[in-house]
Structure formats: C-alpha cells, structure tokens
Amino acid sequence: MNVGTNVSDDCVTEFNNLKLGKQYRYVIYRLDKDKNEIVVDHKGARDSTYAEFVSHLQNESRYAVYDYHAQTDDVPPRQIEKLVFIFWSPDTNQPVKQKMAYAAGKEALKKKLNGLSKEIQANEPSEVEEAEIKKTVLN
Amino acid sequence: MNSDEIISVVADIGNLYTRAGFTGDDFPRWSTFTKCTETMQFGDEALGYGNGQVLDILQPFNPDLYENLLKKMFEKLGVQSKDYSLLLANNFQTKHDLQKVVEILFESVEIPNFFTIRNAALSTFSAGRSTALILDIGAYSTTASAVHDGYTLLKTQIQAPIGGEILNEPFRQYVVGEYNQFKKTCLARDIKQGLLTYEQIDSTQQYELPDGNFILMQQAQLSEIADKLFNSNDNFKGIQHMLLDIINNSVNDIKQQLCSTVISTGGSSNIPGFLNKLQTTLSALAPPMCKVKLVMYPSNQNRYHSVFIGGSILASLSSFQSLWVAKNEYQESGRFSIIERKCPN
C-alpha cells in the first residue's frame, strides 16, 4: 500500500548509476524523518565485499539495492546477476512508529526503481547473511 | 503546516469491544462494549446493572445504534466530530454495511475526512511489518489473513465462528448471585482470564471469587477448554489449519515470507502458553521449506489494541495525510466509488 512517501530524485539517479553505469555494488537508502523523504544513505564501490555492505545495516531500518552475482551449480556453471531489493527492519530497539514509517514507505521507493528482480525482508542479521541472498538469487 | 501536529481520531469498532482514541497515542482513550441498553446507554455500568435488554450494535449490524455509538464516541473523547478526521478499522462483512457507515459519518456525524483499512493490515503495521500472516482471535470469530505490502489478501482470508467468548462458557457455572446475563458473562470472562492456561502445571489452579470462595480446577480440565481453539469439529478446523490453508493457497513467492512472519493478535493470544503451542503446532504442519516464526508485539497489552495502535501510527505519518477522503470528494464523486478507489481494502 503506497502511503505517498516522497522519494528524492537522487535515489533514482544513483540506482541507475548502479544498474546501467555499473558504478556501485550497492546503494543503501534511509528515510529522512524531517523531510519525510527517502534519500540515499550509502553507496558501495563496485569492488566492495558483502561484509562491508552488511556492516551498514545496524539498529535502524534501511532499504537497499544490491547487484548480486552468483554461479549456479550446473556443469558448466552459469553466471547469474540480479538486482535484489533488501528491506532491513530490525526488531530490536526501534520505535514502532519508525519501523512502520519504513514499512509504509517501501512501496513508494520500489515503484521508482525499475528492474528489481528479487526482494528480501530481513529482521535480524541471519536473514541478511550472504547465504540467504545467494539462495534467493539462485531460485 | 506541520503534519505532526494534526490529530485525528482512530476507531476500532469490534463485535464485542470498541476502542477509540487519537493518533499518536499508544492506548485507546475510550474503550467500551459494542453494545447498549434499550435507552441508548453505553458502558459496563449501564449494561451490567440495568434491567432491560442489552442490544448488540454489530451482530447483526444495526445502523441506528451504530450512529449513536459514533456520536457517543466523539462525546467521550471530548471533541467535535466536525473538526476531526476519522480512521475507522474495516471489519465490515459487506460493502453495503461499510457504505452505510460512510454515509452516516459524512452526513450525520459530519466528519471532515475519512479513511478505512482492514483490521489485519493495521495489526501488521503495529508490529512494524507490511507483510504478515495474521491470526486475529476475536470475541465471536477468528479471522486468518495474509497481508502483503499493506494489502489484505481477501481471496485467501478465512473466518471461523469461534473466538474468546466461547471459552467463557465452562466458567459460567461458577458465577452465583443475582446478575443479569451481561454481568454473568463478564464475571465468567474474568474467571476464564484468571484461570485459563496451556502451560503444563501439576498443581491445581485456583481463583478467588468476590465472595471469598475459591474455584479449583485441574490442568487437564483447563487444557480441554483451551484446546477448543486447536481442535476441529463440524464447523471448524482448528486455528492452525486456518493458517495452513492460507499458506498452502498462497503463491510461492510469498509463502516463505508469510510463514516467517506469523502474528497472533486478539486477547486470547495472551493465554499463558498459547504462543508456544501455536508455534509448535504450526511448525509441525508447515510445508518443508517454510520455517515458522512468530512475530511478537513489544508488549502483551498490544494484542488487545493492535488494530487501534496500527491505526494510530498510520494516520500520524505525514506521508499518510494525502490519503484522506474529504467530505467534498465524497459528495462530488458519486459517493462510495471514491472510497473504493482511495482505500485499498
């Protein structure tokens, strides 16, 4: 359900830089409460590791797009590249209102990002481990 | 205009309880029974100690009594209905009933703005999620729903005619004294809330009645009563099967997400041991690749008011303010069609 949260133009620009320009491995977004707008929080260089990405997902909710590359188990193995949308919504310590504002704003952001293949919702660290994202991409 | 300062009214008018209050509050300021006396009195004093009949406002839906309840609500909240937008939880059985209520609200109660959204979606939001499998154990019925991105998936929604009130019955026999039916039910409900448990306790459970006498019950007796929610009979499969049916009927993409975001709401979810029992029962039956995970509310109190809290937060978001249906929009656009357009379901 789209509750009309604003999405800054930057969000789409940087997403396209990732998708088409291949400038980044990931883009992380946050909700700017004062402006009631989703803005870019972090951009990860093309050669960033997954661990670096996860280190940015702490005690506050975040949205992210990750350009994930995986190899299938086929012989010979196939290369798969997918844009994965990750909704990080940790249960610990966040006020419900903030969690909900993020939950409510998700659709507004997703609508602006064309070309997302998969989505993961993660509420604790184990749900956003690399193994999880790999599983999602390969299925 | 700072949206954070605009206060609206939020109401969850259920079959047994009505809860109403203001956006931003985590507790409904007015909580009463969705019933009134023949002379239009509300509240447990009037209902419990009157001599006349107690009238149900829903079950079936009675528009005139409902209108009285709405007006009483604004009076009890201490505000003029003309000045406050209203977010009403949608638990209506038919579009026709909702349509009638919208008409009453704009034309008779005269609110300036309106919005409605399904109970299940609000319970999901108040747990900080937008996708979940919601089990709402109400007073007279239990509803299981899949909510996806804030939309309640009505095609797979299941309702069963069993709820908390049916668990009062075995405790009625202990209520002695000259009381009317309404009061007797209230007392039986109190005893139930004091005694009922799923937990395996060896000793006898006891409850002290107002007259100083004690009721003693064995664990086995209490389990038998509590298990009514899980056992199947002619009309009912058991709450675990309601959830399972939804999981099995949902598209693969969201099956896993629903399994890992199961939320139980409604007062009966607070029966000691209930959540553990639900977790183990459901886990045993769920399809192999689905890991069942129950999502908790910050506090047990939330289970009574999860719909209200969800509404309170939703309607307080500044991004939500553009979604209200205004009175003039309603009047100019052919009335109900705008509700269908602006309120997802």
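The values are calculated or read from the model by the stated rules, or taken from the named source; none is laboratory data. Treat the numbers as computed from the prediction; the structure is a model and nothing was measured. Every residue, glycine among them, receives a Cβ derived from its backbone with ideal geometry; neighbour counts consider all protein chains shown. Accessible surface areas use protein heavy atoms only, side chains included; no ligands, DNA or RNA. Shrake-Rupley method; radii C 1.70, N 1.55, O 1.52, S 1.80 Å.
For the stretch B:94-111, the criterion of being within 14 Å of chain A (Cβ to nearest Cβ) and in contact (Cβ under 8 Å) with a residue 12 or more places away in the chain is met by none of the residues.
Criterion applied to B:PHE274, B:PHE320, B:PHE308 was being open to solvent by less than 20 Å² (accessible area, probe 1.4 Å) and more than 24 Å from B:TYR151 (Cβ to Cβ), and the one residue passing it is B:PHE274.
Taking the stretch A:32-59 as the range and being free of Cβ contacts under 8 Å to residues at least 40 places away in the same chain, within 14 Å of chain B (Cβ to nearest Cβ) and open to solvent by 50 Å² or more (accessible area, probe 1.4 Å) as the test, the residues that pass are A:ASP34, A:LYS35, A:ASN59. Of all residues in the stretch B:294-305, none satisfies being in contact (Cβ under 8 Å) with a residue 40 or more places away in the chain and more than 19 Å from the chain's Cα centre (by Cα).
Table: residues versus (1) more than 10 Å from the chain's Cα centre (by Cα); (2) outside any helix (DSSP H, G or I); (3) within 14 Å of another protein chain (Cβ to nearest Cβ).
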site	(1), (2), (3)
A:ALA70	yes, yes, no
A:PRO77	yes, yes, no
A:ASP91	yes, yes, yes
A:ALA104	yes, no, yes
A:GLU127	yes, no, yes
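Looking across the stretch B:244-263 at every residue that is free of Cβ contacts under 8 Å to residues at least 60 places away in the same chain and among the aliphatic types (A, V, I, L, M), the one that is most open to solvent (accessible area, probe 1.4 Å) is identified as B:VAL251.
Restricting the stretch A:1-17 to residues that are within 14 Å of chain B (Cβ to nearest Cβ) and of a type outside the set (Gly, Ala, Ser), which is surrounded by the most Cβ atoms within 10 Å (Cβ to Cβ)?
To start, the set of residues in the stretch A:1-17 that are within 14 Å of chain B (Cβ to nearest Cβ) comprises A:1-8.
Next, only the ones that are of a type outside the set (Gly, Ala, Ser) stay: A:1-3, A:5-7.
Numbers: A:MET1: 21, A:ASN2: 17, A:VAL3: 23, A:THR5: 21, A:ASN6: 17, A:VAL7: 18.
Of everything passing the filter in the stretch A:1-17, A:VAL3 is surrounded by the most Cβ atoms within 10 Å (Cβ to Cβ).
If I filter the stretch A:71-87 for residues that are in contact (Cβ under 8 Å) with a residue 60 or more places away in the chain, touching a Lys or Arg at 6+ places or on another chain (Cβ under 6 Å) and open to solvent by less than 60 Å² (accessible area, probe 1.4 Å), do I get at least one hit? Scanning the stretch A:71-87, I find at least one residue that is in contact (Cβ under 8 Å) with a residue 60 or more places away in the chain, touching a Lys or Arg at 6+ places or on another chain (Cβ under 6 Å) and open to solvent by less than 60 Å² (accessible area, probe 1.4 Å), so the answer is yes.
Of the residues making up the stretch B:311-345, those that are part of a loop (DSSP other than H, G, I, E, B) and either over 19 Å from B:ASP83 (Cβ atoms) or over 23 Å from the mean Cα position of the chain (by Cα) (or both) are B:LEU317, B:SER333, B:GLY334, B:ARG335, B:CYS343, B:PRO344, B:ASN345. Scan the stretch B:224-271 for residues that are within 14 Å of chain A (Cβ to nearest Cβ) and part of a helix (DSSP H, G or I) and jot them down. B:ASN252, B:ASP253, B:ILE254, B:LYS255, B:GLN256, B:GLN257, B:LEU258, B:CYS259 - these are the residues of the stretch B:224-271 that are within 14 Å of chain A (Cβ to nearest Cβ) and part of a helix (DSSP H, G or I). Listed here are the helices (runs of 4 or more DSSP H) enclosed by the stretch B:23-132 that have at least 1 residues being farther than 24 Å from B:TYR151 by Cβ and open to solvent by less than 10 Å² (accessible area, probe 1.4 Å): B:44-49, B:63-77. Examine the stretch B:192-207 for a residue that is without any contact (Cβ under 8 Å) to a residue 40 or more places away in the chain, aromatic (Phe, Trp, Tyr) and away from every other protein chain (no Cβ under 14 Å), and state whether such a residue exists. Within the stretch B:192-207, one or more residues are without any contact (Cβ under 8 Å) to a residue 40 or more places away in the chain, aromatic (Phe, Trp, Tyr) and away from every other protein chain (no Cβ under 14 Å). Looking at the stretch B:277-299, which of its residues are under 12 Å from B:GLN240 (Cα atoms) and either open to solvent by 40 Å² or more (accessible area, probe 1.4 Å) or outside the structural domain of B:GLU199 (by TED's automatic domain parsing) (or both)? The answer is B:LYS277, B:GLN279, B:THR280, B:SER283, B:ALA284, B:LEU285. B:THR152 - would you say it is more than 14 Å from chain A (Cβ to nearest Cβ), surrounded by 18 or more Cβ atoms within 10 Å (Cβ to Cβ) and hydroxyl-bearing (Ser, Thr, Tyr)? No, not satisfied. Assess whether B:GLY266 counts as being at positive phi and either charged (D, E, K, R) or surrounded by 19 or more Cβ atoms within 10 Å (Cβ to Cβ) (or both). Considered against the rule, which asks whether it is at positive phi and either charged (D, E, K, R) or surrounded by 19 or more Cβ atoms within 10 Å (Cβ to Cβ) (or both), B:GLY266 comes out as yes.
Among the residues making up the stretch A:106-117, those that are more than 17 Å from A:ILE28 (Cβ to Cβ) and either without any contact (Cβ under 8 Å) to a residue 24 or more places away in the chain or within 13 Å of chain B (Cβ to nearest Cβ) (or both) are A:GLU107, A:LYS111, A:ASN114, A:SER117.
Does any residue of the stretch B:291-313 turn out to be touching an Asp or Glu at 6+ places or on another chain (Cβ under 6 Å) and either more than 14 Å from chain A (Cβ to nearest Cβ) or among the charged types (D, E, K, R) (or both)? No: zero hits.
On inspection, A:VAL96 qualifies as farther than 16 Å from A:VAL39 by Cα and at the interface with another protein chain (Cβ under 8 Å from one of its Cβ atoms). The set of residues in the stretch A:18-31 that are open to solvent by 20 Å² or more (accessible area, probe 1.4 Å) and in contact (Cβ under 8 Å) with a residue 24 or more places away in the chain comprises A:LYS19, A:LYS22, A:TYR24, A:ARG25, A:ARG30. I'm trying to understand the selection: among the residues of the stretch B:180-203, which are assigned to a loop (DSSP other than H, G, I, E, B), open to solvent by 60 Å² or more (accessible area, probe 1.4 Å) and among the polar types (S, T, N, Q)? Within the stretch B:180-203, B:GLN200, B:SER203 qualify. Note on the stretch B:158-179: among residues that are part of a loop (DSSP other than H, G, I, E, B) and more than 25 Å from B:GLN59 (Cα to Cα), the one that is modelled with the highest pLDDT is B:VAL175.
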